[in-house]
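Worksheet: the structure to be examined is printed underneath.
The values are calculated or read from the model by the stated rules, or taken from the named source; none is laboratory data. Everything quoted here is computed from the prediction, not taken from an experiment. So basically every Cβ, Gly included, is an ideal-geometry build from the backbone, and we count neighbours across all protein chains shown. In case anyone asks, the SASA skips ligands and DNA or RNA and just uses the protein heavy atoms, side chains included. Shrake-Rupley method; radii C 1.70, N 1.55, O 1.52, S 1.80 Å.
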Amino acid sequence: MSSTEDMISAMHDGLAEVKTETGPKIPVPETYLKATKHHLKDVQEYLDWYKKSLESPNDFWSEKAKEMLSWHQLWTGKTLEYNFDVRKGKVYSEWFKGGKLNACYNALDRHVENGHGSQVAYYCEGNDLVDDHRTVTYAQMLDQVKRLASALKKRGVRKGDVVAIYLPNIPELPISMLACARIGAIHNVVFGGFSAEALAGRILDAQCRVLITCDGVMRGNKVIELKALADAAEELVYERGDGHLVDRQIVFKRLGDKCPVGMKPKRDEWWHETLAKAEPECPVEWMDAEDPLFVLYTSGSTGKPKGLVHTTAGYILYAAITHKYAFNYQENDVFFCTADCGWITGHSYVVYGPLLNRATSVIFEGVPTHPDSSRLWQICDKYKVNQMYTAPTLIRSLMRAGDKYVTKIPRNSLRVLGTVGEPINPEAWNWFFNVGGDKCCPVVDTWWQTETGGHMIIPPPVRGFQMKPGAASLPFFGIEPVVLNEKGEELSKPCEGFLCIKRSWPGIHRTVLNDHARMEQVYFSTFKGYYMSGDGCRVDEDGYYWLTGRVDDVINVSGHRIGTAEVESSLVSHPYVAEAAVVPMPHDIKGQGIYAYVTLRDGFEPSEELRKELRQTVRVEIGAIATPDVIHWAPALPKTRSGKIMRRILRKIAEKGTHVSSEELGDITTLAEPQVVAQLIELYGK
Ligand code: WT7
């Protein structure tokens with residue numbers, strides 16, 4: 001974690017880009033209010049529920065847990081017990097402790113048992129526009145899940161084991177997740193865009209022995225050979241794993257002849273062969289409410305990515321309730337979340353939330369701009385999508401492509417538009433609302449994190465609610481946000497400061513895999529008694545929350561979190577590099593880009609070729625999304641006398657270049673060598 005000084009300066013950098021006046025208010029559109037049914041009558045009802053959720057949390061959450069989930073056995077003890085204060089002992093949250101249930105049973109079995117087996121669970125849209133789609137019903141999902149689950153069991157996977165999943169965004173990904181959940185195994189999904197190196201790190205950290213992958217996947221016109229990457233990862237695991245190895249690989253055939261693969265005898269098996277032979281029935285493992293459901297790795301400001309652990313009951317309840325109310329999802333609606341299941345957005349809003357609510361969803365494997373920028377809207381039309389949930393970065397790129405890609409598609413079915421991943425700039429918000437949704441759809445800007453499991457702050461799409469472009473707006477049921485100043489004092493509105501959460505909610509992650517101390521250190525040590533989000537925010541006179549960006553050394557590239565430390569260590573792994581410092585830079589489409597200052601070892605000279613090589617190094621070690629946008633050759637880095645890199649200065653130069661003023665640079669007299677700053681400015685763009 002960066003110093004408080006750095007956090008404050010990052011917070012103010014963020015705030016500078018956010019308008020501080022209250023801004024225009026746009027009522028939730030009447031056309032939408034008339035076009036569909038509503039779970040909540042109006043904004044007053046939303047606020048009443050919110051009040052109840054804070055005043056009587058036990059009643060509120062036990063009612064919801066009984067209403068929305070099927071329990072094998074109800075919890076006998078308290079609905080909730082938790083401690084957020086490290087001074088009082090271990091930080092923990094326990095929801096519905098002692099209750100027994102199963103996430104897969106709730107997502108699939110109970111719907112099929114209730115006669116909904118023939119309902120479509122997923123419309124699967126492939127990479128290609130024509131002839132590349134499938135439909136999977138709830139009954140078909142369940143059949144595949146049971147077969148895979150019994151195959152996993154037969155291969156020795158037991159309750160509590162971690163299974164790695166490295167697949168593209170196809171229904172086999174949710175099928176794999178649910179097969180794990182069915183038998184009490186913990187799924188560890190690794191985004192298909194990550195490198196072999198990143199996959200190996202996650203397999204090793206979680207000690208996975210089974211990996212589920214596929215031969216390859218098309219991204220636009222490119223073939224990505226996932227199996228080859230998985231093989232490379234397994235080599236790395238074997239080399240580093242102290243005897244640990246992946247002894248089973250189940251390979252789904254996605255591309256076939258287009259992507260020939262080598263199968264290693266005894267280790268590798270084809271998904272279709274295995275499932276055809278597998279026992280078609282597989283009993284559900286009844287899990288304790290607090291048994292882990294999955295681990296998902298995410299980057300922080302220091303060290304390696306952390307494996308965040310989510311548990312069963314709290315997480316699924318929270319995914320289901322947020323999906324239902326934030327999008328006003330109604331029976332028979334078609335829901336479309338554009339995220340990949342490799343991220344938390346996909347876990348909560350492609351898989352668990354929608355399936356728990358027996359929704360019909362679209363799962364999209366391809367690229368939103370392939371073959372052109374109409375693609376998402378075409379998908380909306382093809383499947384009559386009612387709610388589309390996407391990211392500001394995508395909205396900005398579609399906006400740039402031009403309105404004609406949108407307006408030529410009717411889009412009549414759309415009711416609600418959602419966004420997530422980073423603060424949405426008002427310009428993109430307005431375009432999404434006016435052009436994308438024809439002023440007929442509320443825009444639901446959802447603030448949350450991998451750590452939170454589901455939405456935390458949303459503009460509720462209800463009658464009478466006034467939207468403000470760019471504001472995530474109001475806390476969801478049960479969420480008690482507070483804004484703290486640098487001394488850790490709670491501020492009252494209007495105010496700006498660090499966004500923290502004051503009490504536990506069902507979706508909070510419970511720990512970092514094998515490292516509970518790290519969880520306490522990262523989230524609960526800066527401000528005692530609070531969960532620290534790592535984001536800065538402002539609350540306006542009306543009590544609306546405006547997120548202003550990360551206050552730590554985490555870069556938000558296209559809504560994905562990249563840890564500066566990871567990129568730095570990858571750059572430094574190159575033999576010519578002595579030192580590297582990575583900071584965010586503003587980027588029109590991606591929101592933030594990656595700006596790397598690199599100091600070479602004595603005797604090595606900067607060159608374009610070396611730049612390419614360094615970018616390639618990061619690409620191979622982490623993945624394409626972490627590739628630096630800029631490499632700035634730095635003879636030296638600005639450091640304090642105690643040797644700490646002054647990132648505040650590096651951020652300013654990355655943002656302003658040669659136009660940076662001395663006020664913007666702030667006090668540089670504490671630097672060991674103040675002349676370094678002038679040198680860096682001089683070398684900007686060179
Ligand atoms: C970070 C979490 C949650 C799924 C996507 C990313 C930023 C996310 C918003 C929003 C402003 C947002 C925050 C947060 N963020 N949504 N609506 N407005 N900022 O998950 O990788 O865990 O990243 O994304 O900075 O801390 P993640």
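Over the Cα atoms of the range 563-686, what radius of gyration and what Dmax do you get, in Å?
Cα-based Rg and Dmax for the range 563-686 come out at 13.9, 39 Å.
For the chain, which span is the longest to avoid every loop-located (per DSSP) member of GluC sites (Glu not before Pro) having at most 14 other Cβ atoms inside 10 Å?
Numbers: sites that count: Glu21, Glu281, Glu331, Glu486, Glu489, Glu541.
Result for the longest clean stretch: 22-280.
Compute the accessible area per residue over the chain, keeping the other protein chains in place, probe 1.4 Å, unit Å².
37
So how far, in whole Å, is the C-alpha centre of the range 333-375 from the one of the range 240-315?
The range 333-375 and the range 240-315 have Cα centres separated by 20 Å.
With N set to the residue count of the chain, report its C-alpha Rg divided by 2.2 N^0.38 Å to two decimal places.
Rounded to two decimals, the normalised Rg is 0.93.
Loop-only check: which trypsin sites (Lys or Arg not before Pro) in the range 454-502 are DSSP coil with at most 10 other Cβ within 10 angstrom?
Lys487
Within the accessible area of the chain, what % is carbon and sulfur when the probe is 1.4 Å and the other protein chains stay in place?
Carbon and sulfur: 50 percent of the exposed surface of the chain.
Tell me, what ³J(HN,Hα) does each residue in the range 77-94 have, in order and in whole Hz, if you take phi through Karplus 6.51 cos²θ - 1.76 cosθ + 1.60 with θ = phi - 60° and put x for Gly and Pro?
Once θ is set to phi - 60°, the couplings for the range 77-94 become x, 6, 5, 9, 9, 7, 9, 9, 10, 4, 5, 9, x, 4, 7, 7, 9, 10 Hz.
In the structure displayed, which of Lys100/Lys159; Lys612/Lys686; Lys146/Lys258 lie more than 19 Å apart, Cα to Cα?
Lys146/Lys258
Only Lys, Arg, Asp and Glu count, each charged at its Cβ (+1, +1, -1, -1), so figure out the dipole size of the chain about its Cα centre, rounded to 20 debye. Mind dumping the intermediate values first?
Values: 80 positive and 87 negative charges, 241 e Å.
Using only the charged Cβ atoms, the result is roughly 1160 debye.
On full extension of the chain, what length is gained from Arg619 through Ile224, given 0.36 nm per residue of separation minus the C-alpha to C-alpha distance?
140.8 nm
Under a point-charge model restricted to the Cβ atoms of Lys and Arg (+1) and Asp and Glu (-1), what is the dipole moment magnitude of the range 558-683 relative to its Cα centre, in debye to the nearest 20?
My answer is approximately 360 debye.
Below 24 Å Cα-Cα, how many Lys pairs turn up in the range 410-552? Only count pairs eight or more apart in sequence, or on different chains, if you could.
7
What residue among Ser504, Asn485, Gly563 has its Cα farthest toward the positive end of the dipole of the range 411-564, where the charges are +1 on Lys, Arg and -1 on Asp, Glu, each on the Cβ?
Ranked along the dipole, the leading option is Ser504.
How big is the convex hull of the Cα atoms of the range 551-607, per residue, in Å³? Before the final figure, lay out the partial values.
Values: hull volume 4.7 nm³, N = 57.
Per-residue hull volume (Cα only) is 83 Å³.
Suppose only helical runs count, i.e. DSSP H with n ≥ 4. What mean residue ellipticity at 222 nm does that imply for the chain under -39500 (n - 2.57) per run, divided by all residues and rounded to the nearest 500 deg cm²/dmol?
Mean residue ellipticity at 222 nm (helix-derived): -9000 deg cm²/dmol.
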